[in-house]
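Structure first, commentary second.
The values are calculated or read from the model by the stated rules, or taken from the named source; none is laboratory data. If you're wondering where the values come from, they're calculated on a predicted model, not measured in any experiment. Methodologically, a virtual Cβ is constructed for each residue, glycine included, from the backbone with ideal geometry; neighbour enumeration extends over all protein chains shown.
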Amino acid sequence: MDTALALTTDMKIVLGLVALTMVLFLFQRVRADLVALVMLVLLGLTGQVAPEDVFNGFSSNAVISVIATMILGLGLDRTGALNRLAGWLLRRARGVEERLLLLTSAIAGMNSSIMQNPSVMALYLPVISRLSSRTGISLSRMLLPVGVAIVMGGTLTMVGNSPLIMLNDLLVSANANLPSGAATLTPLNMFAPAPIGLALLVAGLAYFHFWGNRQLRGGKDASVAPGRTQSYFARVYGIEGDLFELTVTADSPLVGMTFGEAESLHNAPVLLALKVEDEARLAPAADVRIWVGSVIGAMGTREQVADFAQNNFLRMSTRMRHFGDLFNPSRAGISEAVVPPTPTSWARPPTNCSCAASTGSGCWPSTATRTR
């Protein structure tokens, strides 16, 4: 007796659409949401689903929950909330690598309880990349603990767990189809998986904090540097210090001065940025005027910057409220250029000097290198 199941035309069509969907998802040439909508339309055009039932999936609580969490994730990304989170994590870590990894993993795990895991991972990738570039920690070493915490944190609530969302929706549908008088299945509430999810999250955090992190770094001690810009200046040019913001008051003698004149003041720290009104600029032109309320980004030791602020009636702040994004290594960096002493076919340098065109401040010897 032949028990082989012959493939019907409808089966072949469905299998072909499934294979096409997997290929499109794998190579990501087309957006995932567009692929989903195209497959819905193709199911209707091929007759596998009745035309009036093609978009019935949008009446499901599971589908709307997934869409809502994706919108929430995009909002967090566009508002820059996660960019501010990176700076906050660095301040709270206080130079300790284990503390930074623990804080980052814990917060990512808690966020995954109210968002879908892929969305949380996509949002935290730029945060982790920024932390890696600013601290020198390998990106691969940060991804594994954070990824595990996101997976574990997704089990804290029903919102962050797609399989449980769909299971709950199926329970509601099953109750509606039960015969009269049959016992119904109780749907899961929002925090039903919380005890198990919390235990999993704590176990994952404890593992990487006490043992797993040492295995990832090969047993070598490592510390977190607060920023790579400062370490670069200290290593290459011998300029040590931290970044500060100096607000110009009405009594300051800097009012009306140009940025180049402020740079040339006695015992002035390294002036890196200027914010006038609503425009913040890194390495501004030397002829830009400083006015009341302007904010200057300076780098130097605390004593040097504090003396400069006191002598010129400036308010000093250690928090980067205005220049946090400008000094971010993912958006700004340091470049070095050497102007050759011989003229080229497209430009003729001035006699005995080369001007710093990027800043417009002064002339330097042709073999000198200036960083801004």
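Odds and ends about this structure:
- Screening the candidates PRO341, PRO269 for the property of being touching a strand residue (DSSP E or B) at 6+ places or on another chain (Cβ under 8 Å) and at pLDDT 70 or above yields one hit, PRO269.
- Residue in the stretch 77-91 that is at pLDDT below 75 and under 23 Å from THR155 (Cβ atoms) present: yes
Condition check ((1) at pLDDT below 85; (2) in the same structural domain as ASN111 (by TED's automatic domain parsing)) across all residues:
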site	(1), (2)
MET166	yes, yes
ALA199	no, yes
ASN213	yes, yes
GLY219	yes, yes
GLU245	no, no
VAL248	no, no
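- Residue within the stretch 157-164 that is at pLDDT 80 or above and within 15 Å of the chain's Cα centre (by Cα) present: no
- Within the stretch 287-301, the set of residues being part of a strand (DSSP E or B) and within 12 Å of THR258 (Cβ to Cβ) comprises just one member, ARG289.
- Output for the stretch 270-288, where each listed residue is aliphatic (A, V, I, L, M) and at negative phi: VAL270, LEU271, LEU272, ALA273, LEU274, VAL276, ALA280, LEU282, ALA285, ALA286, VAL288
- In the set (1) more than 27 Å from ALA32 (Cβ to Cβ); (2) of a type in the set (Val, Ile, Thr); (3) at pLDDT 80 or above, the condition left unmet by THR135 is number (3).
- Test for VAL148: is it closer than 30 Å to MET190 by Cβ, assigned by TED's automatic domain parsing to the domain that holds LEU216, touching a residue at least 40 places away in the same chain (Cβ under 8 Å) and assigned to a helix (DSSP H, G or I): yes
- Close pairs (6 angstrom Cβ cut-off, 6 or more residues apart or separate chains): touching a residue at least 40 places away in the same chain (Cβ under 8 Å) and over 12 Å from VAL248 (Cα atoms) in the stretch 283-310, of a type in the set (Lys, Arg) and surrounded by fewer than 21 Cβ atoms within 10 Å (Cβ to Cβ) anywhere: ALA283/ARG372
- The stretch 158-201: number of residues that are over 17 Å from MET115 (Cβ atoms), in a loop (DSSP other than H, G, I, E, B) and out of contact with any Leu (no Cβ under 9 Å at 6 or more places or on another chain): 6
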